[in-house]
1. Counting Lys and Arg as +1 and Asp and Glu as -1, each charge on the Cβ, what is the dipole of segment 148-220 about the Cα centre in debye, to the nearest 20?
2. I want to make sure I understand the PRE zone here: with the label point 7 angstrom from the Cα of Leu275 toward its beta carbon, which residues in segment 164-181 have backbone N atoms less than 13 Å away?
3. So which aspartates and glutamates can Lys209 reach, going by Cα to Cα under 14 Å and dropping same-chain residues fewer than 8 places off?
4. What are the ³J(HN,Hα) values, in whole Hz, obtained from phi via the Karplus relation 6.51 cos²θ - 1.76 cosθ + 1.60 with θ = phi - 60°, for each residue of segment 305-313 in sequence order, with x given for Gly and Pro?
5. Check the straight Cα-Cα distances from Lys234 and name the aspartates and glutamates below 13 Å, setting aside those fewer than 8 residues away within the same chain.
6. Give the residue list of chymotrypsin sites (Phe, Trp or Tyr not before Pro) in segment 125-185 that are DSSP loop and have at most 12 other beta-carbon atoms within 10 angstrom.
7. Carbon-plus-sulfur fraction of the accessible area of segment 115-221, 1.4 Å probe, in percent?
Amino acid sequence: MAANNRRMSGKKGAQVGSGGKRRRALEGKGPTPPAEMRKGHQKQRAAQAKARRATGRQAPRGRGGKSASEMVVGRNPVYEALRGGVPATTLYVQQFIDNDERVREALQLATERGDIHLMEAPRAELDRMTNGLNHQGLVLQVPPYEYAHAEDLAAAAYDQGEDPLIVALDGVTDPRNLGAVVRSVSAFAGHGVLVPERRAAGMTASAWKTSAGTAARTPVARATNLTRALEAYKKAGIAVVGLAADGEHEVGDLDALGGPVVIVVGSEGKGLSRLVGETCDFRVRIPMPGGAESLNAGVAAGVVLYEAARRRR
């Protein structure tokens, strides 16, 4: 008995039974639920997808996703972005900033817009936000751009009782060229611009500024795969016309420009990629008696859009 007391002496607190806790801990939690009822299980996700199909519910579509938010830094870039109508949510101003003319003009433009928050921040915070760029005390927050879906561009045209007039860009990486194309599409009553999701210019602050405000009313769509998007347009009865220096047709002779059409413009140096070129119904060239080898995307698109608009009068 003494030995037993020695073994128990090391334990603390009262030792008066378990109060039933041990017995409840040993009780099971019931039968394992089937896989279709386990949260996150592959079979549950499949069952939910099947149920949605059965009830006619489809995944939401119509948007091509969002770009990342953007920071415009520096006194002149911020001023030019505000003057050019680039969408913005917040203008960050460094505490105790040297209040020169450019700073005052930027603050005045932001205040006149009425929808831009003015925030004062210490220099260390602006350094952190811009990863150490030379912000000169001004940082403009540009919200993510909401891209349309490729099908939305054609649908909008048909809703207006018009034949679609769309420009697609293949390999154009300069956002200023994208902005120029958006401006040309707007000028000639086009219905939007289509860009690839990867290795292509997006709707940055620079593109917005170059568009001279027309990006606010001319949608830009983004496609995961440009070739597949063009093939879908073809199946919908829309002609795909690619610009190429060695095209079989001159731009002024192509009747297809008078109907539903997608005009595909390649990069200034490389032109159309092979797959995109093979997808086109027609390849057209722009006569250049002056001897220039090529035009940039914005100018080339404008020439062909003018011809398409002329035929639609």
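1. Roughly 460 debye, rounded to the nearest 20.
2. 171
3. Leaving aside aspartates and glutamates fewer than 8 places away in the same chain, those within reach of Lys209 are Glu70, Glu80, Asp174.
4. 5, 4, 5, 5, 5, 4, 6, 8, 5
5. Candidates past the 8-residue exclusion: Glu151, Glu278, Asp281.
6. Values: sites: Tyr145, Tyr147, Tyr158; in loops: Tyr145.
When the chymotrypsin sites (Phe, Trp or Tyr not before Pro) of segment 125-185 are filtered for loop state and at most 12 Cβ neighbours within 10 Å, nothing remains.
7. Numbers: 2270 of 4880 Å².
Taking all protein chains in place, segment 115-221 shows 47 percent carbon and sulfur surface.
The values are calculated or read from the model by the stated rules, or taken from the named source; none is laboratory data. From a predicted model like this one, the values you see are computed outputs, not experimental measurements. Note that we place each Cβ from the backbone using ideal geometry, even for glycine, and neighbour counts take in every protein chain shown. Keep in mind that these areas ignore ligands, DNA and RNA; they rest on the heavy atoms of the full protein, side chains included. Shrake-Rupley method; radii C 1.70, N 1.55, O 1.52, S 1.80 Å.
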